[in-house]
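S.K.: I'd like to ask you about the structure that follows.
Just so it is clear, none of the values below were taken in a lab; they were calculated from the coordinates. No experiment lies behind these values; they were computed from the predicted model shown. Note that each Cβ is placed from the backbone with ideal geometry, even for glycine, and that neighbours are counted across all protein chains shown.
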Amino acid sequence: MEIRLNQVGKKYKNIVALNEIDLTIPQGMFGILGPNGAGKTTLMKILMALLPADTGEITINGIPISQRTKIRECVSYLPQEFSFYPYMSVLEAMDYMALLVGIKSVVKRKEIINELLVKVNLIKHKRKKFKTLSGGMKRRLGIAIALLKDPKVLIVDEPTAGLDPDERVRFRTLLSEFAKDRIVVLSTHIVGDIEHTCKNIAIIDQGNIIFCGERQHLMDEALGKVRVVEIKCEELSDIQSKYYVISINEANSGYSVKLITDKKIGEEVKPNMEDAYLVKMLSHTSDARSNFQELLC
Amino acid sequence: MIFLNLIVSEIKYQFRNTTFFVFIIVVVLFYSYQYCEEANRLKPPDPNLVYSTIEATSKEEKLVLGYKELYGSLKSKNVIKYAPIAKKVKLTDKQLQHIEKFIVNMAPNTNVLTIEPKDIKIDYESMIDYMNSLDSELGGNTVLGPKYRQFIRAMTYEESLIEYESQKDDGKITAVYARMLADYLGISAGLFVVFLSSFSLLRDKYWRTQELIFSSNVKSIVYVGAKFIGLFISVMSVFLTIGLIETTIFLFQANMYNATVNFLDFFKYIIAWVAPTVMFGIILPMLIAIIAENSIFAIVVKFCMTLILLFNTELTGQYDFTRFIIRFNGNNFYQQFASAIKYNRLFYVGISLMLILLTTFIWEVKRNKVMGGILHGN
């Protein structure tokens, strides 16, 4: 069970969204990380057969992406901006989508819907209208809808955007459970989303895959490049102009600054996932600083 | 089964949609203020009012009316022809000169507004011969020829009474009123259905449900077809309910006035005349909206089309392929136009079915070309 992309390219007029990328996605949770506008959503839509690639080949479990009907039978998609008809209740929304995915029998529909609502912990809220659900509930409903056709592949685009920390953790756990016998492709620009859930990740930037492999390898690559220096207050602007600063904390005599550098200054620290991602981004592009600031925000 | 369930889902949506309730109110108001104002139903005619029109019987009257018909053709420079749909045939300069010469000889130095039988200087047969020859010259089937020629004048109270008694006794009166009701409901359908249909497919986009639906494995024809049929049934249920109300009123009045009524007439004319207008009123805005990805644009286009049509259509008698609404606001001459109306309605059923296929195709194209993140405003 795997997804294979070979030399996949996509352009929107003069903008290169995907630059002939190669990627293999194995079974389990797979994270696609990248800043906004990196090409993640385009990639997700291509994988869902909602958008044709200009070049290259894609197969999902051996099925070419051109066979859209077959692809849609085995792939589910939870879009970035998941929403539903506000006037429908949770139950009605599930039933409507169950019809669209082709579950003919009323009895079977009820059975599957109840089972999924229990799984995503929405059974108590099944009579609630969509418009009255919280952000987390809506996302969980989205997952339940995506799982209606029992897909082999689940594609989730920016799933935790707008969720509070509690909901975010619960949502990640939910996805991990579903990934046991499926491929779950999780696209995000939030490092925390994949830090504890995805063993394998890819980093995409400006339409290029700049890293693909195990999460640990990314962390290993960043070893020795993340350091913490203690500085006085007046040195801060100087440090910021010379180095890529990851974080600034107040210390006794000034600041404790975490930064990325090859120089042997300050004290070396073990990089976390976010540090490793920033190191990778920095090494890839010289103008990545603005993206770092966005991520730090 | 899935198709039926999706249709039911669309109907359910319509019946809890505020716009649909506004639509019902507008249609009912239109029915109350337009149709009910005019509808005398089974009540006997009032001697103080003018009722409908009738074919003239005396040759004197026919000569005056024939003069007016020829004068009208001369001024409009065309003649209506049924082939079988009504269309205007343009008259050549030579034909216009002939008509002018003929009507000058027919009633010299006469004003068309004040013409009387004594002003006519030729006999009835000569006028008929001339009309027949002009009809043959134009290829037959014109309003001047023997098949479609009519000499119509306003009905007197006595004639109205005779007609009323005849219709009351042989059950024709429900058909007369059913046609009039279908005329008004057709206008409602042409004007107001667009406010529902233009949002039908784009609703998914506005509620940001589109990608989820696109990525499901539903067949495009099933999805678009269910939306169409669901809305069609919802709208038709409103019109058929009005038909039911009218039928009920007639059934009550039938007892009161000892008349014969046909309780199927209202349903028959609503289905035959109004349904094709509803079909076209649903699918054309759906298509425009999905191409332009803008419901308001579809509303503006369809609403303007209907207004232009209404302002350029006579109350009765024009049924060419451009008339997507059937206007038949009169009591008589139905048989003369029945065939033209039938072809017109069949044409709009056919064109609507074709537009469903085209809309499905466009929806499928859009389904396979959803733009990426940054270009989608994300």
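S.K.: For the protein assembly as shown, give me the percentage of DSSP beta bridges that are antiparallel, rounded to the nearest 5 percent.
M.R.: 70
S.K.: Within a 10 angstrom radius of each residue's Cβ in A:45-52, how many Cβ atoms of other chains show up on average? Whole number is fine.
M.R.: Taking all residues of A:45-52 together, the mean is 5.
S.K.: In addition: Per residue of A:74-86, count partner chain C-beta atoms within 10 Å of its C-beta, then hand back the mean as an integer.
M.R.: 5
S.K.: Please figure out what share of the DSSP beta bridges in segment A:3-218 is antiparallel and state it in percent, rounded to the nearest 5.
M.R.: 50
S.K.: If we count every other residue with Cβ under 14 angstrom of B:Leu244's Cβ, Lys/Arg +1 and Asp/Glu -1, where does the sum land?
M.R.: Net local charge, B:Leu244 excluded: -1.
S.K.: Which FRET efficiency value, to the nearest 0.05, do you get for B:Leu346 and A:Asp181 by plugging their Cβ-Cβ distance into 1/(1 + (r/R0)^6) with R0 = 51 Å? Kindly include the intermediate steps, with their values, before the conclusion.
M.R.: Working: r = 56 Å, r/R0 = 1.10.
E(calc), rounded to 0.05, equals 0.35.
S.K.: Counting each DSSP H run of 4 or more residues in chain B as -39500 (n - 2.57), what helix-only mean residue ellipticity at 222 nm follows after dividing by all residues, to the nearest 500 deg cm²/dmol? List each step's numbers first, then the result.
M.R.: Values: 15 runs with 234 residues, N = 378.
Rounded to the nearest 500, the figure is -20500 deg cm²/dmol.
S.K.: Give me the distance between the Cα centres of segment A:178-201 and segment B:166-236, rounded to whole Å.
M.R.: 46
S.K.: Take every Cα pair under 8 Å in segment B:57-150 that's 6+ residues apart, average their separations, divide by the length, and report that relative contact order as a whole percent.
M.R.: Once divided by the residue count of segment B:57-150, the mean separation gives 30 percent.
S.K.: Cut-off 14 Å, label point 7 angstrom out along Cα-to-Cβ of A:Thr132: give me the residues of segment A:71-96 whose amide nitrogen falls inside.
M.R.: So the set is A:86-92.
S.K.: In terms of modelled amide H atoms, which long-range or inter-chain residues lie less than 5 Å from the amide H of A:Leu78?
M.R.: Excluding prolines and chain starts, which carry no amide H, the hits are A:Ile155, A:Val156, A:Asp157.
S.K.: What percent do you get for the relative contact order of chain B when only Cα pairs under 8 Å and 6+ apart count?
M.R.: Computed value for chain B: 24 percent relative contact order.
S.K.: Can you pull out the trypsin sites (Lys or Arg not before Pro) in segment A:89-142 whose DSSP state is coil and whose Cβ has at most 14 other Cβ atoms within 10 Å? All intermediate terms of the calculation are to be shown ahead of the outcome.
M.R.: Working: sites: A:Lys104, A:Lys108, A:Arg109, A:Lys110, A:Lys119, A:Lys124, A:Lys126, A:Arg127, A:Lys128, A:Lys129, A:Lys131, A:Lys138, A:Arg139, A:Arg140; in loops: A:Lys104, A:Lys126, A:Arg127, A:Lys128.
Of the trypsin sites (Lys or Arg not before Pro), the ones in loops of segment A:89-142 whose Cβ has at most 14 other Cβ atoms within 10 Å are A:Lys104, A:Arg127.
S.K.: Turning to a different aspect of this structure: Reachable lysines from B:Lys268, Cα under 20 Å, same-chain residues fewer than 8 places away excluded?
M.R.: By straight Cα distance, B:Lys268 reaches B:Lys168, B:Lys172, B:Lys342.
S.K.: I want to check the label-to-label distance for A:Asn252 and B:Glu60. Put each point 7 Å from Cα in the C-beta direction and report it in nm to one decimal.
M.R.: The answer from the label model is 12.8 nm.
S.K.: If you take the beta carbon distance between A:Gln67 and A:Gln216 as r and set R0 to 45 Å, what does 1/(1 + (r/R0)^6) give as a FRET efficiency, to the nearest 0.05?
M.R.: On the way: r = 36 Å, r/R0 = 0.79.
Plugging the Cβ-Cβ distance into 1/(1 + (r/R0)^6) gives 0.80.
S.K.: Moving to a separate point now. Extending each Cα 7 Å along its Cβ direction at A:Lys263 and B:Ile221, get the distance between those two points in nm, one decimal.
M.R.: 7.1
S.K.: Which lysines have a Cα less than 25 Å from the Cα of A:Lys180, not counting those fewer than 8 places away in the same chain?
M.R.: The qualifying lysines are A:Lys40, A:Lys45, A:Lys70, A:Lys108, A:Lys110, A:Lys119, A:Lys138, A:Lys149, A:Lys152, A:Lys199.
S.K.: Within straight cross-link reach of B:Lys121, meaning Cα distance under 25 Å, which lysines are found once same-chain residues fewer than 8 apart are removed?
M.R.: B:Lys59, B:Lys62, B:Lys68, B:Lys75, B:Lys77, B:Lys94, B:Lys101
S.K.: Related question: Local charge sum around A:Pro151 (other residues, Cβ-Cβ under 13 Å, Lys/Arg +1, Asp/Glu -1)?
M.R.: +2
S.K.: Please quote Rg/Rh for chain B to two decimal places, taking the Kirkwood radius as Rh and restricting both calculations to Cα atoms.
M.R.: Radius of gyration relative to Kirkwood radius: 1.07.
S.K.: If I stretch the segment between B:Leu251 and B:Thr322 completely, what's the gain in nm (0.36 nm per residue apart, minus their alpha carbon distance), one decimal?
M.R.: 21.9 nm
S.K.: If each of B:Glu158 and B:Leu307 carries a label point 7 Å out from its Cα toward its Cβ, how far apart are those two points in nm?
M.R.: Inter-label distance under the simple model: 4.7 nm.
S.K.: What is the local net charge at A:Cys198, summed over the other residues whose Cβ is closer than 10 Å to its Cβ (Lys, Arg +1; Asp, Glu -1)?
M.R.: 0
S.K.: Which one, A:Leu47, A:Ser134, A:Ser89, is farthest towards the positive end of the dipole of chain A when Lys and Arg carry +1 and Asp and Glu -1 on their Cβ?
M.R.: A:Ser89
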